[in-house]
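Coordinate-derived values only; no laboratory data. The model shown is predicted, which means the values in this text are computed figures rather than measured ones. Heads up, the Cβs are rebuilt from the backbone with ideal geometry, glycines too, and the neighbour counts pull from every protein chain shown.
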Amino acid sequence: MKIFSENINCKEFDKFSKRQKSFTVVKYSFSYLSDKDDEILIDEIIQKGEILAQKVNKGAASNSTYVRSLKTVKNNAIAGLLAEYIWKHYLNSNDIQVSETEFNDASNQIDLLIVDKDKTIEVRSSFPRNGIKFAVCHNRYEFDIIGPYSNNYKPNEIQKDFYVRVLYPFQSFLLIEKIKQNNFDVYLVGGATWEMICNNNIAIIKSFIPEDELNVERLSTKSNYRVVPYHNALDTIEIMELMKK
């Protein structure tokens with residue numbers, strides 16, 4: 001895999017963008033067909049994703065009405081596990097010791113732990129088919145850093161210390177096809193702190209179905225989340241530097 005930093009100027013992409021500052025993302029580029037290490041890593045993540053999807057949806061495969069949904073959940077699980085892997089790799093490469101936390105059920109999102117600080121990181125992934133700049137910059141359809149369910153939100157109880165994002169610049173159903181090709185690009189795209197999630201001047205409440213949902217039964221059910229729109233979010237370097245402190 002190869003790693004690149006890219007700087008996005010939102011005003012150049014969309015003059016009406018609400019994002020005032022430039023935004024740095026980090027791109028991981030994998031080459032399944034020509035890099036043996038990438039092939040081994042991706043095959044392992046696909047296998048783990050298939051197991052995870054079954055684990056959190058026991059019995060779903062035997063229910064014909066769930067078969068199609070379970071395929072979606074498998075894609076989401078694979079995307080989530082790869083997202084977790086590259087954030088862990090990136091942070092460890094920047095002298096932040098990070099490990100995975102145990103995944104018990106679909107009500108708990110995939111997490112990382114900053115070992116020496118005992119601080120948690122929630123990793124969420126999505127698929128902006130119009131590209132990374134669109135997701136970060138668009139004046140109307142910008143994406144968000146996803147926080148907790150709003151009905152579980154208690155500002156005096158920290159749920160996660162940091163919330164971070166990975167974006168795949170294509171439609172989700174293309175994941176399995178693209179992941180086994182060369183030049184498969186995945187982007188680390190910033191994040192937010194718990195304090196930002198709590199700040200009503202920064203965060204908003206939005207109703208939607210997350211694209212990384214792992215529970216078949218929830219794929220048809222919208223929920224309210226506290227989110228930080230990208231014009232208020234920290235970029236990838238900024239959130240990484242905060243984790244160091």
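Compared with the direct C-alpha span, the chain from residue 117 to residue 54 gains 19.4 nm at full extension, assuming 0.36 nm per residue.
Which net charge results when you count Lys and Arg as +1 and Asp and Glu as -1 among the other residues whose beta-carbon is under 10 Å from that of residue 198? List each step's numbers first, then the result.
Details: positive: 154, 226; negative: 195.
Every neighbour counted, the sum reads +1.
Cross-link pairs exceeding 21 Å between alpha carbons, from the set 2/36; 27/133; 18/206; 117/206: 117/206. Scalar couplings 3J(HN,Hα) for the stretch 170-176, obtained by applying the Karplus form with A = 6.51, B = -1.76, C = 1.60 to θ = phi - 60°, are 6, 6, 4, 5, 8, 4, 5 Hz; x denotes Gly and Pro.
When 89, 138 are ordered from fewest to most other Cβ atoms inside 10 Å of their Cβ, what list results? The partial results should precede the final answer.
Numbers: 89 16, 138 22.
Listed from fewest to most nearby Cβ atoms, that is 89, 138.
As a proxy for reagent exposure, ranking 87, 194 by other Cβ atoms within 10 Å from fewest up yields 194, 87.
Computed from backbone phi with θ = phi - 60° and the Karplus coefficients 6.51, -1.76 and 1.60, the 3J(HN,Hα) list for the stretch 124-137 is 10, 10, 8, 10, x, 5, 8, x, 5, 4, 4, 4, 7, 10 Hz; x is used for glycine and proline. Arranged from fewest to most other beta-carbon atoms within 10 Å of their beta carbon, 221, 193 become 221, 193. Placing unit charges on the Cβ atoms only, positive for Lys and Arg and negative for Asp and Glu, gives the chain a dipole magnitude near 860 debye about its Cα centre.
For the chain, 198 stand unpaired, since no other cysteine beta carbon lies under 4.7 Å from theirs. For the stretch 113-183, the alpha-carbon radius of gyration amounts to 1.40 times the rule-of-thumb value 2.2 N^0.38 Å expected for a compact globular protein.
Mean residue ellipticity at 222 nm from the helices of the chain, using -39,500 (n - 2.57) per DSSP H segment of n ≥ 4 over the full residue count, to the nearest 500 deg cm²/dmol?
On the way: 7 runs with 76 residues, N = 245.
Counting only the DSSP helices, I get -9500 deg cm²/dmol.
Label sites at residue 6 and residue 154, each approximated as a point 7 angstrom past Cα along Cα to Cβ, lie 4.1 nm apart.
With a 10 Å cut-off between alpha carbons and a GNM built on the chain, which of 166, 216, 115 moves the most? Between 166, 216, 115, it is 115 that shows the largest mean-square fluctuation.
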